[in-house]
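Worksheet: one structure, shown below.
The values are calculated or read from the model by the stated rules, or taken from the named source; none is laboratory data. This structure is a prediction, so every number in the text was calculated from the model and none was measured. Because the Cβ atoms are built from the backbone with ideal geometry, glycine has one as well, and the counts that use them run over all protein chains shown.
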Amino acid sequence: MAAAGSVRAALQVAEVLETVVSCCLGPEGRQVLCTKPTGEVLLSRDGGRLLKALHLEHPIARMMVACVSSHLRKTGDGAKTFIIFLCHLLRELHAITDKEKDSFFSENIQTHGRHWKKCCQWKFISQALLTFQTQILDYVMDRYLGRHFLSIFSSSTKERPLCRSSLEMLLGAYFCGRVGRNNHNFVSQLMCDYFFKCTACESGFEEVLELVDDCFVELKVGVTGLPVSDSRIIAGLVLPRDFSVYCPADGDIRIVIVIETIQPLFSTFGSEFILNSEAQFQTSQFWITERTKAIMKYLQKQNVKLLLSTVKQPDLVIYCAGLNGISVVECLSSEELSLIQRVTGLAPFVVPQASSQYELSNTAMVKFCKPFILRSKRYVHLGLISTCSFTPHCIVLCGPVQGLVEQHEVALHGAFKMLRQLFKDLDLNYVTQASDQNCTSSPLIYKNSRESNDLPEIVNGSIQRPYQDTVVKNKDELAKTQTYLKAYSNLVVPSVELETNILCSTPTVTLTDTYQTDATLRCFSPGKARIMDDHEPFIESNSANSTTENTRREISYENLQVTKNARKGSVLPVRHKSLEMCTSQSYCFSSVPAGCVLPVGGNFEILLHYYLLSYAKKCQQSEETMVSMIIANALLGVPKILYKSKKGNYSFPQIYIRALHALQTNQPLISNQTGLESVAGKYQLLTSVLQCLRNILTIDSVINIKRQPQEIYDQDSEEEL
Amino acid sequence: MSRLEAKKPSFCRSEPLTSERVRATLSVLKGIVTSCYGPAGRLKQLHNGLGGSVCTTSQSAALLANLPVTHPILKILTTSVQNHVSCFSDGGLFTAILCCNLVENVQRIGLTPTTVIKLNKQLLNLCTSYLKSEACGCRIPVNFSSTQILLCLVRSILTSKPACMLTTKEVDHISTLILRAFLLIIPENAQDHIILGKSIIVPLKHQRVIDSTVLPGILIEISEVQLMKILPIKKSDSFKVALFCVSLSGDLSDTGEGNVVVSYGVSLENAVLDQLLNLGRQLASDHVDLVLCQKVIHPSLKQLLRTHHVIAVDRVGVAVMEPLSKVTGTRPIGSLDSISPSSYGSVKELCTAKFGFKHFFHLIPNETTVCSLLLCNRNDTAWDELKLTCQTALHALQLTIKEPCVLLGGGCTETHLAAYIRHKTRSEPEGILRDDGCTQTELQLIAEAFCSALESLAGSLEHDGGEILTDGKYGHFWSVQADSPSVVNWPDLLSRCGCGLYSSQEELSWSFLRSARLPFVPQTCLPCEATDSAGNLTLDCFTAKLSGLQVAVETANLILDLSYVIEDKN
């Protein structure tokens, strides 16, 4: 049976889903209790999880849920916003078609024909959506929205140091939407502490995030029956099992990993062991015992104190280990093994064939290994010494019920996923259009306007430098920077401003000979004043490109030029860098750089709404205008729900009007919210929703079949090749 | 081919707490737990109509484990209580009742969940910081040089479980036993951190409670037939013990994944048996006196050991392996040939004993941190209840060692805490509100709900229609028998407060708990002499009660925060 797949049906479905998810959205959102068929009870505010728990039957609903989960796999965030945004888009579309109905379908045609025609119209709209997504959206994102972006990094240098307070704000906002109301501060603080404790050095945080995201299940310990506030971070790794043998040891402990039983067996897979006599059996058993003992003795000689095994070891091995003072932990899961290997870089120990005398190579050190008791259950606590930038720590998550602990686990895992996404650059599709225009004209304008801003900063920066530094500078270095600059000018589109740079530096080179003589007595304060003077001609020379004035000044302030010259030595490298940044921006123009954030509370939505509207006004093509308008209006759905419960000055219309006013008058947006959210995540969400909407629009009918659709094999294509 | 099964769509309900059915089921649960609470609590009999054993109890651990709960909200509540009990053993009913009371009271107010949850959290913080502070008026530091307070704590736990069916004399007997068992597991020469031993509860049903006893060391139950085989034990100062964790039954060990081909006429059983007998000879030549095995010992080996005057006891089970190796100082042996002499241990004395109609093999170690508590009670269900109670009491004592203080019991902590919160929210509301965006009126409303939840929790200790009073000085709990003349001289009717700390000799301006009272400053800082002089106090475990309070408020917040329930009907 075929059912018409229409916007109306999709809207109905989306509206039902919206009512469910909107109750959990934002800081005011509440919890949803899910029960599993097994009787387990689960608490959740996670949109993806809720949608899955509903077990929807409606085909369009199932498609939406599939779209949401594929989006979640990518970003780990935004399921609720997805549904709300989709619902608003469908609503807008529906409203438009209701209006246009008369004009489109005034002629009296048959129902079937009308249905097809309608589908054609949807197809048309979905085409428009595609063009919007590929062209307009990225253009708007880049040209207009870009200037509002904040960065999570405290400075934009290569090391990208993380700013703790902004990370806290980001995580605070994330957990606001994920965990119960009185726990989000605690959980986000916990996560923040955890992240900084695990990150040994500033630069390695990407590696840490990757590792934590991959192995999160092994890095957390859930404990039920204790208040949430008992959750804490523990240094080292906690394995959820007890020692098979525990021999206390002090100091650094040598460990080995084994992935097979140490005791040799009678026969291995695929082989046959033929027993001819009882004595043979006894001797082989004797040999096995002696061999096991020898291996354990060997391990003890090599000073190994802990044996980690992925398999269950026979009693004999455990006994021998105990005799030799070696602690044993058995039955490690493959995930735990891979985590330990990633942290320590330790390869499994291969049982030597002959009684070997050589040094044992595959060992690692741990700081401590001891039993750890949590809620009268025993765990193994290992102080692994890390060889990568991840310093191993575990999170102990407590909660009165399992459902709550699980919720916190899922939220923390999601947060790591979100951070991982945040620190990636996101490329936009905008390059094609931008490159041909921008390379010729716009970079220049862009740079010039930028330069005038940057210059005072740089001069200031040089003033802040200690005076002594500049004294050390000599002619050679200066010449070097000059050649750099020259080389640079070849690379970049030759601009007016660069030439002036060179012009500025040429006279200084000639004067450096006097620098040696005059450099004798120079106190700091007059130098500072002079620099301020020099600052002026510098800009003048930039704008007017007049070398005459520059030289005149040099003559009149001959002494001063030297200081300026000396300073230039320190100025230029900085400038050099800033120039590089400029150019790199003009080439990789269309990308959202890693770590871009915006304040929460619908800031992204309102901004995009504003710019899309203003774009739509400028646009000539009718469908572009229409699609932009639809999306712009639909974007407001999320902030509307966020501010639903707020009154007075913080109600949505008030916020909206204030934001629009600020944007029109070019003032900075003032947000009363303290959190931050990732721009890339929002952008990806938007594109995912548009994709989903296109899917919905292009389907004209749903056919119910009795069996699963057959999988299409690609054997044929191989033959053809 | 994969099997596909269509999933039924889930059932989704909004605002679950507003539904009448949920309220009704909540109040039924509340009725069940409230009626069980305290020494005068009523017992519940849980039975299956089809037959099987009947459980008579008033303890949350037994009650909630057997209570079939279907509604998800109740499930949250009961699992949270059960989790608390599995962590702390004590305070389960306290947590359940407080949680029910809070949910019920807050619903009546009708504020938005956001404000309620925020303020509840603030009030909880107020409570916990007060209870943890030195100035707390309902906390007694434990002096380990006398057993008085510890004994009171154990006795309070025993009396609060009426399903144990103990008389006053029996309560005294059992509480001294428990305390002795606890003292036995504390190592004598403790270093910087103490590792407690273990007390093993040995069941002895259908005996008089008075026959219960505590013995140092380990009791291993043996059948009468086994006992006959055991030779008379020779007198000695020390006995050498070998403890096997590997099976001595002569079965073949794991031969690997490949095939083992045995030629005709070769008997592996004989080969293994030979090995076992060799082992027996080695044990005998090492002068081992006692061989214990977790699994089965081959009869031939037993016979061999007997001829060498070695006592062999098998099938001791995995549960006692750890205490056994601890007591005897042996290393569990996992090898059949060549045993290292260092694996042997020793015990001071060996004897057989008969308690009731059971025979035991008694190992008395040199230095003991393991003891056996032989627990007797008249019938199965009362014994089960008594065993649970003993475990609770032992656990409470362990927790008290970690956090050396106890809370006043008998409802006094609750009423005192309520008085303190009332006073605090009136006198310095700004300090509690900070910048949460809540108004003072909202705080007053929630504080009233919170306090009355605490007070009605204390009030549920009274099951016989009596009246409950509180005083205007300490804020303690006083109960009056039912049918007492209405307006009388209170000191004549009252004797001591709930916890037994104060007597009615003082003029304390009593008033009914349910009536409206003016907030007052409850006296903080217990006077030292008060705690020393009072002989028979009712006390509660500090850690368990504090955590119970936190869990109750957190769970109530969780339940109040629910906006949807999605039930998977598959």
Exercise. For segment B:246-265, how many residues are touching a helix residue (DSSP H, G or I) at 6+ places or on another chain (Cβ under 6 Å) and either within 9 Å of chain A (Cβ to nearest Cβ) or surrounded by fewer than 11 Cβ atoms within 10 Å (Cβ to Cβ) (or both)?
Worked result: 1
Exercise. Within segment B:276-297, can you find the residues that are over 18 Å from A:Asp315 (Cα atoms) and of a type outside the set (A, V, I, L, M, F, W, C)?
Worked result: B:Asn278, B:Gly280, B:Arg281, B:Gln282, B:Ser285, B:Asp286, B:His287, B:Asp289
Problem set entry | Count of segment B:432-466 residues which are out of contact with any Gly (no Cβ under 7 Å at 6 or more places or on another chain), buried (at least 19 other Cβ atoms within 10 Å of the Cβ) and not small (Gly, Ala, Ser) | 12
Exercise. Among the residues of segment A:58-79 satisfying the criterion of being within 14 Å of chain B (Cβ to nearest Cβ) and free of Cβ contacts under 8 Å to residues at least 24 places away in the same chain, which is farthest from the chain's Cα centre (by Cα)?
Worked result: A:Arg62
Exercise. Which one of these is at pLDDT 90 or above, of a type outside the set (Lys, Arg), closer than 17 Å to A:Val256 by Cβ and touching an Asp or Glu at 6+ places or on another chain (Cβ under 7 Å): A:Val311, A:Val328?
Worked result: A:Val311
Problem set entry | Pairs, first closer than 17 Å to B:Ser515 by Cβ in segment B:439-457, second outside any helix (DSSP H, G or I) and of a type in the set (A, V, I, L, M, F, W, C), C-beta under 8 Å, six or more apart | B:Glu455/B:Leu513
Exercise. With respect to A:Val21, is the statement that it is touching a Lys or Arg at 6+ places or on another chain (Cβ under 6 Å) and facing chain B (nearest Cβ under 10 Å) true?
Worked result: yes
For this session: Return only the number of the condition from (1) touching a Pro at 6+ places or on another chain (Cβ under 9 Å); (2) surrounded by 18 or more Cβ atoms within 10 Å (Cβ to Cβ) that A:Lys293 does not satisfy.
Result: (1)
Exercise. Are any of the residues in segment B:58-66 away from chain A (no Cβ under 14 Å), under 29 Å from B:Val480 (Cβ atoms), touching an Asp or Glu at 6+ places or on another chain (Cβ under 7 Å) and surrounded by 15 or more Cβ atoms within 10 Å (Cβ to Cβ)?
Worked result: yes
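When the residues of segment A:45-57 are narrowed to those that are within 9 Å of chain B (Cβ to nearest Cβ) and either touching a residue at least 60 places away in the same chain (Cβ under 8 Å) or on the phi < 0 side of the Ramachandran plot (or both), which ends up nearest to the chain's Cα centre (by Cα)? Working first, answer last.
Filtering segment A:45-57 down to residues within 9 Å of chain B (Cβ to nearest Cβ) leaves A:50, A:53-57.
In the following step, the residues that additionally are either touching a residue at least 60 places away in the same chain (Cβ under 8 Å) or on the phi < 0 side of the Ramachandran plot (or both) were identified as A:50, A:53-54, A:56-57.
Details: A:Leu50: 24, A:Ala53: 27, A:Leu54: 29, A:Leu56: 31, A:Glu57: 34 Å.
Checked segment A:45-57; the qualifying residue nearest to the chain's Cα centre (by Cα) is A:Leu50.
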For this session: List every residue pair whose Cβ atoms lie under 9 Å apart, where the two residues are 6 or more positions apart in sequence or sit on different chains, the first residue falls within segment B:547-565 and is within 7 Å of chain A (Cβ to nearest Cβ) and in a strand (DSSP E or B), and the second residue, located anywhere, is of a type in the set (Ser, Thr, Tyr) and buried (at least 22 other Cβ atoms within 10 Å of the Cβ).
Result: B:Val565/A:Thr35
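Does A:Pro27 satisfy being touching a His at 6+ places or on another chain (Cβ under 9 Å), within 12 Å of chain B (Cβ to nearest Cβ), surrounded by fewer than 21 Cβ atoms within 10 Å (Cβ to Cβ) and not acidic (Asp, Glu)?
Values: touching a His at 6+ places or on another chain (Cβ under 9 Å): yes; within 12 Å of chain B (Cβ to nearest Cβ): yes; surrounded by fewer than 21 Cβ atoms within 10 Å (Cβ to Cβ): yes; not acidic (Asp, Glu): yes.
Considered against the rule, which asks whether it is touching a His at 6+ places or on another chain (Cβ under 9 Å), within 12 Å of chain B (Cβ to nearest Cβ), surrounded by fewer than 21 Cβ atoms within 10 Å (Cβ to Cβ) and not acidic (Asp, Glu), A:Pro27 comes out as yes.
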Exercise. Looking at segment B:370-391, is at least one residue surrounded by fewer than 20 Cβ atoms within 10 Å (Cβ to Cβ), out of contact with any Leu (no Cβ under 6 Å at 6 or more places or on another chain), under 17 Å from B:Gly197 (Cα atoms) and not basic (Lys, Arg)?
Worked result: yes
For this session: Scan segment B:109-132 residue by residue and report those that are surrounded by fewer than 19 Cβ atoms within 10 Å (Cβ to Cβ) and either within 25 Å of the chain's Cα centre (by Cα) or modelled with pLDDT of 90 or more (or both).
Result: B:Lys121, B:Asn125, B:Thr128, B:Ser129, B:Lys132
For this session: Working carefully through the options B:Pro404, B:Pro429, find the one that is surrounded by fewer than 23 Cβ atoms within 10 Å (Cβ to Cβ) and modelled with pLDDT under 90.
Result: B:Pro429
Problem set entry | All positions within segment B:103-128 that are within 12 Å of chain A (Cβ to nearest Cβ) and without any contact (Cβ under 8 Å) to a residue 40 or more places away in the chain | B:Thr112, B:Thr114, B:Asn125
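Considering only strands (runs of 3 or more DSSP E) fully contained in segment A:221-306, which possess at least 2 residues that are within 14 Å of chain B (Cβ to nearest Cβ)?
Those strands (runs of 3 or more DSSP E) span A:272-275.
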For this session: Could you please tell me which pairs satisfy a Cβ distance under 9 Å, a separation of 6+ or placement on different chains, a first residue in segment A:192-210 that is over 17 Å from A:Leu171 (Cα atoms) and at pLDDT 90 or above, and a second residue that is part of a helix (DSSP H, G or I) and among the aliphatic types (A, V, I, L, M)?
Result: none
